[in-house]
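*Asks:* Shown below is the structure under consideration.
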Amino acid sequence: MAGRINDDDVKAVRDAVPIDAVVSEYLQLRSAGGGNLKGLCPFHDEKSPSFQVSPSKGLFHCFGCQEGGDTIAFVMKIDHLSFSETVERLAAQAGVTLRYEEGGYNPAGQRGERTRLVEAHKIAARFYAEQLSGTEAEIGRKFLAERGFDQAAAEHFGVGYSPAGWDHLTSYLRGQGFSDKELLLSGLSQDGRRGPIDRFRGRLMWPIRDISGEVVGFGARKLRDDDNGPKYLNTPETAIYKKSQVLYGVDLAKKDIAKASRAVVVEGYTDVMACHLAGVTTAIATCGTAFGADHIKILRRLLMDNGSARVIFTFDGDAAGQKAALRAFEDDQKFAAETYIAIAPDNMDPCDLRLAKGDEAVQDLVEPRTPLFEFAIRQIVSRYALETPAGRAAALDEAAPIVARIKNGASQHEVAVQLAGILGILDTQFVVKRVAQVARWARDRGGRGPAAPPERGARRGDPQGPQGPQGSHGGPGAVGRGPSGPALNLRSPAHRTERELLKLALQRPELVSPAFDAYGGDEFTAEPYAAVRRAIEDAGGAEQGVGAAFEYLARVREAAPNDAVRAMVTELAVEVFHGKTIDEAYAGEQLVQVRLRAVDLRIRDVTGTLTRLGTHSDPEHYAAVQNELWVLQQYGQSLRNQGAAAL
C-alpha cells in the first residue's frame with residue numbers, strides 16, 4: 001500500500017488549484033453575485049442553475065441536491081476517484097511534488113487504478129502519435145491527406161497510428177512499468193494465446209478525451225483490405241471509458257460551446273476535424289453509439305441550457321441518417337436549447353463537403369435551418385398519402401403524439417398549427433385540439449398529475465417552485481431538502497436571521513467577531529443551525545477565521561459531527577447574503593436580532609415559571625426568579641434602544 005499523503009502537501013494542492021478553474025472544465029459558470037459563480041449542477045438534472053462556486057472560499061455547493069465541498073471533493077465526485085488519486089491528479093496539474101508519510105515517495109505502480117489507466121492511455125497516445133511518422137504508417141498519412149488533413153491537423157487532434165505487429169504497444173507499456181493486468185483492464189491490450197497482445201493493430205488512431213482533457217480511450221479506423229475487423233473499432237467499456245458518456249472533441253470545443261451557446265453534433269472523427277479546421281469549433285461527435293441522454297447532460301452543462309442556446313445535428317440524408325435524426329428527436333425535450341438539423345447537399349458529410357466546396361460551405365451547413373421537430377414530423381408525414389382524407393387522418397394520428405411531447409405550451413400550439421399546414425388540414429383548431437387531447441392522455445398515463453409541480457420546484461431547486469423566488473439563493477428551497485437536517489421554516493424571521501448570522505460567521509467573521517463567539521448554541525432556534533454554531537465553536541470560534549479563511553472553513557467542516565452538518569456548513573459558506581450592503585451595521589443587526597429573540601424566549605420561560613410558582617412558593621426562590629426576569633427585561637430594552645452597542 002502507498003503511504004498517506006503529507007497533510008501540508010494536500011493543503012498546498014488545495015491552495016494551488018482554484019476551484020473555479022477546475023469546475024469550469026466541466027460546466028459553464030456565470031456570476032451569481034457576491035463574488036460567487038453559478039451553473040447547472042453536474043450531479044443531478046436541473047433546469048435552473050442551483051450549483052454555486054465560491055472562489056474566495058474554495059468551496060462549491062448545490063442547493064438542489066446538497067452536494068458540496070472543496071476542489072478535491074468536486075473532482076472525487078465527478079470523476080469517481082479516490083482521495084489519493086484526486087490529490088495526485090491535481091498535484092500533477094499544479095506542479096506540486098507530493099510526499100508520503102509511510103514508505104517515502106509513492107512508486108508509480110502503487111497509484112490508484114484509475115490514475116494508472118489514465119496514465120497508460122496518455123503514454124499510448126504519445127506512442128501512437130510518434131508511429132504516424134514511420135514508414136509503415138504511410139497508408140495512414142495518405143488516408144488523412146485524401147480527406148484534407150495535413151501533419152499539423154493530425155498533431156492538433158493527436159491522431160496516430162498503431163503498428164501492425166502483435167504486441168508493439170503492449171511491450172512498450174510493459175517497459176514503462178505497467179503490469180499485464182493493467183494493460184488488460186485499460187482495454188489497450190487483449191488476451192492472446194501466449195499472453196496480452198495489442199487490441200489495435202495497423203489502424204489510424206484517434207485519442208478520445210473526456211471533458212477535462214484526459215485520454216480515456218481510442219477510436220481506430222481500418223486502413224487495409226486484409227483487416228477483417230470492423231471499419232471502426234473503439235476501446236471497450238472500462239473503468240475510465242463509457243462510450244455513452246464521452247463526446248469526441250469536447251475537450252477542444254467546450255470553451256467555444258459555452259461562449260457561443262451553440263453546439264454542432266456530427267457523426268464521426270473526421271467530421272469533427274473538418275468542422276474545427278473550417279472554423280466551426282463547436283463541433284463534437286459521439287463515439288460509436290447513438291446520441292443519448294448522457295451526452296445531453298454534458299452539453300446542457302456547457303450551454304447553461306438556456307432558451308437562446310442552439311444544438312445543431314448534422315446527419316447524412318440517407319435512411320440511416322434519417323433514422324439517427326428521429327432517434328435524436330426522441331430526447332429533444334430534455335434540452336431547453338432549440339434543436340435543429342442540417343443535411344448537406346448530395347448527402348455529403350462535413351468532411352466530404354469541406355473537400356468538395358471548402359470551409360465556407362461547412363460554415364454555411366451548420367447555420368440553423370430546419371428545427372428538428374419539423375424534420376421529424378415531415379419524415380413521418382411523408383409515409384402517408386396526404387391527397388386522401390384517410391391518409392391525412394392516419395398521418396395526424398402518428399404525428400400528433402410527437403407534437404404533444406413538446407412541453408412548452410406556446411411552442412406546442414405553434415407547432416400544431418404548422419402540422420395542420422403540412423397535412424393540408426384547413427381546420428387548424430381541430431389539429432390544435434387533437435394535439436392538446438393527446439398531451440392530456442400522455443400526462444394521465446404517465447401519472448404526472450398534481451404531484452409534478454412540487455417535484456420540480458422542491459427537488460430541483462426551481463426558483464419559481466412552491467418555495468418562491470428565494471429558492472434561487474438556496475434559502476427556503478435548500479434547507480428542507482437532502483441532508484441539511486429537519487425542515488426549516490424560512491418564512492420565520494427568526495430562522496432567516498439565524499441563517500444570515502451563520503453566513504456572516506463563516507464568510508465574513510471579521511464583522512461579527514468577537515461578539516459571535518459569546519453566543520451559545522441554544523440561541524439558535526433551528527437545530528441544524530445550532531449544530532453549525534457548535535461546529536464553529538469546536539473549530540476555535542469565528543475569530544479564528546479573521547485573516548485565515550481557508551484554514552478556518554476547513555476546520556469548521558472537519559468539526560462537523562456528520563455529513564448533514566458538514567453539508568450545511570458548505571451551503572452557508574457559499575450562499576449569497578440577502579442584504580444589499582454587507583458591513584458592520586448589517587452584521588450588528590443580525591447579532592442583535594438573534595440575541596434579542598433568545599432573550600425574549602427566556603423572558604417567556606421565566607414568566608411562565610413565576611406563574612407556576614405563585615405567591616405560596618419559597619420566597620427566596622420566587623425572588624431569585626423575579627430578579628432574573630427584571631435583568632432580562634432590562635437587557636432586552638437595552639438591545640432595542642442601543643442595538644449592537646448593548647451586546
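The values are calculated or read from the model by the stated rules, or taken from the named source; none is laboratory data. Just so you know, these numbers come straight off a predicted model, no measurement behind them. Please note: Cβ atoms are built from the backbone with ideal geometry, for glycine as well, and neighbour counts cover all protein chains shown.
*Asks:* Name the residues in the stretch 1-36 that are assigned to a loop (DSSP other than H, G, I, E, B) and among the β-branched types (Val, Ile, Thr), would you?
*Replies:* Val17
*Asks:* Additional query: Looking at this structure, is Ala278 over 26 Å from Asn347 (Cα atoms) and surrounded by fewer than 24 Cβ atoms within 10 Å (Cβ to Cβ)? Steps first, please.
*Replies:* Values: over 26 Å from Asn347 (Cα atoms): no; surrounded by fewer than 24 Cβ atoms within 10 Å (Cβ to Cβ): yes.
No, not satisfied.
*Asks:* Among strands (runs of 3 or more DSSP E) lying entirely in the stretch 37-126, which contain 3 or more residues that are over 13 Å from the mean Cα position of the chain (by Cα) and either among the aromatic types (Phe, Trp, Tyr) or at pLDDT 85 or above (or both)?
*Replies:* Numbers: elements: 51-54, 59-62, 68-70.
Output list is empty.
*Asks:* Let me ask you something else. Could you tell me which of the residues Phe516, Phe550, Phe524 is at pLDDT below 90 and either buried (at least 24 other Cβ atoms within 10 Å of the Cβ) or under 18 Å from Glu575 (Cα atoms) (or both)? Walk me through how you get there before you give the answer.
*Replies:* On the way: Phe516 fails: at pLDDT below 90; Phe524 fails: at pLDDT below 90.
Criteria check complete, one pass: Phe550.
*Asks:* Being at pLDDT below 95 and small (Gly, Ala, Ser), is that true of even one residue in the stretch 193-202?
*Replies:* Checked the stretch 193-202: at least one residue is at pLDDT below 95 and small (Gly, Ala, Ser).
*Asks:* Examine the stretch 271-283 for a residue that is touching a Lys or Arg at 6+ places or on another chain (Cβ under 8 Å), more than 20 Å from Ile341 (Cα to Cα) and not assigned by TED's automatic domain parsing to the domain that holds Val159, and state whether such a residue exists.
*Replies:* yes
*Asks:* If I go through the stretch 414-441 residue by residue, how many of them are in contact (Cβ under 8 Å) with a residue 12 or more places away in the chain and within 20 Å of Ala337 (Cβ to Cβ)?
*Replies:* Number of matching residues: 2.
*Asks:* What is the number of the single condition among (1) assigned to a helix (DSSP H, G or I); (2) surrounded by 18 or more Cβ atoms within 10 Å (Cβ to Cβ) that Lys142 does not meet?
*Replies:* (2)
*Asks:* I would also like to ask the following. Pairs only if they're at least six apart or on different chains, beta carbon under 8 angstrom, first in the stretch 373-389 and surrounded by 15 or more Cβ atoms within 10 Å (Cβ to Cβ), second in a loop (DSSP other than H, G, I, E, B); list them, first residue then second.
*Replies:* Close Cβ pairs satisfying both conditions: Phe373/Ile406; Leu386/Gly424.
This table checks each residue for (1) of a type in the set (S, T, N, Q); (2) more than 22 Å from Ser54 (Cα to Cα); (3) in the same structural domain as Ala32 (by TED's automatic domain parsing); (4) within 28 Å of the chain's Cα centre (by Cα).
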residue	(1), (2), (3), (4)
Ala526	no, yes, no, no
Gly541	no, no, no, no
Glu551	no, no, no, yes
Gly588	no, yes, no, no
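*Asks:* Determine if the stretch 314-331 includes at least one residue that is surrounded by 18 or more Cβ atoms within 10 Å (Cβ to Cβ), under 30 Å from the mean Cα position of the chain (by Cα) and at pLDDT 85 or above.
*Replies:* Among the residues of the stretch 314-331, at least one is surrounded by 18 or more Cβ atoms within 10 Å (Cβ to Cβ), under 30 Å from the mean Cα position of the chain (by Cα) and at pLDDT 85 or above, which makes the answer yes.
*Asks:* So which pairs qualify, if the first residue must be in the stretch 620-647 and farther than 18 Å from Ala587 by Cα and in the same structural domain as Gly520 (by TED's automatic domain parsing), the second must be crowded, with 16+ Cβ neighbours inside 10 Å and charged (D, E, K, R), the Cβ gap must be under 8 Å, and the two must be at least 6 apart or on different chains?
*Replies:* Leu632/Arg602
*Asks:* Follow-up question, since we're still on this one. Here are some residues: Ile582, Ile536. Which one is touching a residue at least 60 places away in the same chain (Cβ under 8 Å) and assigned by TED's automatic domain parsing to the domain that holds Lys503? I'd like the intermediate steps shown before the answer.
*Replies:* Numbers: Ile536 fails: touching a residue at least 60 places away in the same chain (Cβ under 8 Å).
Within the list Ile582, Ile536, the selection yields Ile582.
*Asks:* Do you know which of the residues in the stretch 281-301 that are in contact with a helix residue (DSSP H, G or I) (Cβ under 6 Å, 6 or more places away or on another chain) and among the aliphatic types (A, V, I, L, M) is farthest from Ala344 (Cα to Cα)?
*Replies:* It comes out as Ile296.
*Asks:* Restricted to the stretch 347-359, and to residues that are in contact (Cβ under 8 Å) with a residue 12 or more places away in the chain and acidic (Asp, Glu), which residue is surrounded by the most Cβ atoms within 10 Å (Cβ to Cβ)?
*Replies:* The extreme case among them is Asp349.
*Asks:* Within the stretch 410-420, can one find any residue that is under 34 Å from the mean Cα position of the chain (by Cα), within 15 Å of Leu372 (Cα to Cα) and either surrounded by fewer than 15 Cβ atoms within 10 Å (Cβ to Cβ) or charged (D, E, K, R) (or both)?
*Replies:* yes
*Asks:* If you go through the stretch 211-250 one residue at a time, how many are part of a loop (DSSP other than H, G, I, E, B) and surrounded by 23 or more Cβ atoms within 10 Å (Cβ to Cβ)?
*Replies:* Number of matching residues: 5.
*Asks:* Does Tyr586 meet the test of being closer than 15 Å to Phe516 by Cα and of a type in the set (Ser, Thr, Tyr)?
*Replies:* Details: closer than 15 Å to Phe516 by Cα: yes; of a type in the set (Ser, Thr, Tyr): yes.
Taking the combined requirement at face value, the residue satisfies it.
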